[in-house]
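One structure is given below, encoded as structure tokens.
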């Protein structure tokens, strides 16, 4: 999981806020402007998140594939602490997520979270601090607290991973990606060393980072896995793309 940054509220949602009087539910919004407002919202979530599920970082394929609209604060809840909001139609409460796995034993993300009120229990991608609070173990493919995660937040990282099912079958897919990346790095490092490059390992990671993080409008699937594998060279590349999260 990484920080999610969003652009301004889509016009269709704003118009619903301004025009709806009696029924201000998400169901009512879904039919606003003959459903165009909801389609616009889905497209903007996918674009703002650069094509990745806000929780597990699976890619929305194709890019215009409609993500599931997730309410971080459940729609049944009107307050969080002392804050009272219309969470149903609050732009700052909406995320784009994947379908949540293909079977009962592979449930994850919103499908596993369901309507549970986990405010203060798990991390909200919209309010994560800057820096990799989450990372991936290169031996196991398991998500774990990252290098910039402060000690008092490390337990919450583990709870978040558990509550969202991020270390289920996806760990095998992450492990396969890590193997492919390391094989590519080995080949590039060997070739650079043959050419007497002064820093073959670092340069190999720089080259792969440029390939993997080519475009900030479309992040690669398992962003955090790649980030963990390429280490400082990934951070340098992301910084060059003005990414902070």
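Evaluated against (1) at pLDDT below 95; (2) within 30 Å of residue 154 (Cβ to Cβ), residue 54 falls short on exactly one condition, (1). Restricting 54, 28, 37, 50 to those that are assigned by TED's automatic domain parsing to the domain that holds residue 113, assigned to a helix (DSSP H, G or I) and crowded, with 16+ Cβ neighbours inside 10 Å reduces the list to 37. Of the residues making up segment 134-163, those that are part of a loop (DSSP other than H, G, I, E, B), surrounded by 14 or more Cβ atoms within 10 Å (Cβ to Cβ) and modelled with pLDDT of 95 or more are 137, 138, 140, 141, 142.
Filtering segment 222-245 to residues that are under 15 Å from residue 134 (Cα atoms), part of a loop (DSSP other than H, G, I, E, B) and out of contact with any helix residue (DSSP H, G or I) (no Cβ under 7 Å at 6 or more places or on another chain) leaves 244, 245.
Can you pull out the residues in segment 91-109 that are modelled with pLDDT of 90 or more and either more than 17 Å from residue 12 (Cα to Cα) or touching a helix residue (DSSP H, G or I) at 6+ places or on another chain (Cβ under 9 Å) (or both)? Give the steps one after another, and end with the answer.
At the first step, the residues of segment 91-109 found to be modelled with pLDDT of 90 or more are 91-98, 108-109.
The answer is 91, 93, 94, 95, 96, 97, 98, 108, 109.
Can you tell me which residue among 169, 199, 191, 236 is over 25 Å from residue 100 (Cβ atoms) and touching a residue at least 12 places away in the same chain (Cβ under 8 Å)?
Working: 169 fails: over 25 Å from residue 100 (Cβ atoms); 199 fails: touching a residue at least 12 places away in the same chain (Cβ under 8 Å); 191 fails: touching a residue at least 12 places away in the same chain (Cβ under 8 Å).
So the residue among 169, 199, 191, 236 that is over 25 Å from residue 100 (Cβ atoms) and touching a residue at least 12 places away in the same chain (Cβ under 8 Å) is 236.
Just to be sure I understand, how many residues within segment 191-207 are assigned to a helix (DSSP H, G or I) and loosely packed, with under 12 Cβ neighbours inside 10 Å?
At the first step, the residues of segment 191-207 found to be assigned to a helix (DSSP H, G or I) are 191-194, 200-207.
Now restrict to residues that are loosely packed, with under 12 Cβ neighbours inside 10 Å: 194.
Result for segment 191-207: 1.
So, residue 210, is that one modelled with pLDDT of 95 or more, surrounded by fewer than 18 Cβ atoms within 10 Å (Cβ to Cβ), in contact with a helix residue (DSSP H, G or I) (Cβ under 7 Å, 6 or more places away or on another chain) and under 20 Å from residue 241 (Cβ atoms) or not? For residue 210, the condition - modelled with pLDDT of 95 or more, surrounded by fewer than 18 Cβ atoms within 10 Å (Cβ to Cβ), in contact with a helix residue (DSSP H, G or I) (Cβ under 7 Å, 6 or more places away or on another chain) and under 20 Å from residue 241 (Cβ atoms) - is met.
The values are calculated or read from the model by the stated rules, or taken from the named source; none is laboratory data. From a predicted model like this one, the values you see are computed outputs, not experimental measurements. So basically every Cβ, Gly included, is an ideal-geometry build from the backbone, and we count neighbours across all protein chains shown.
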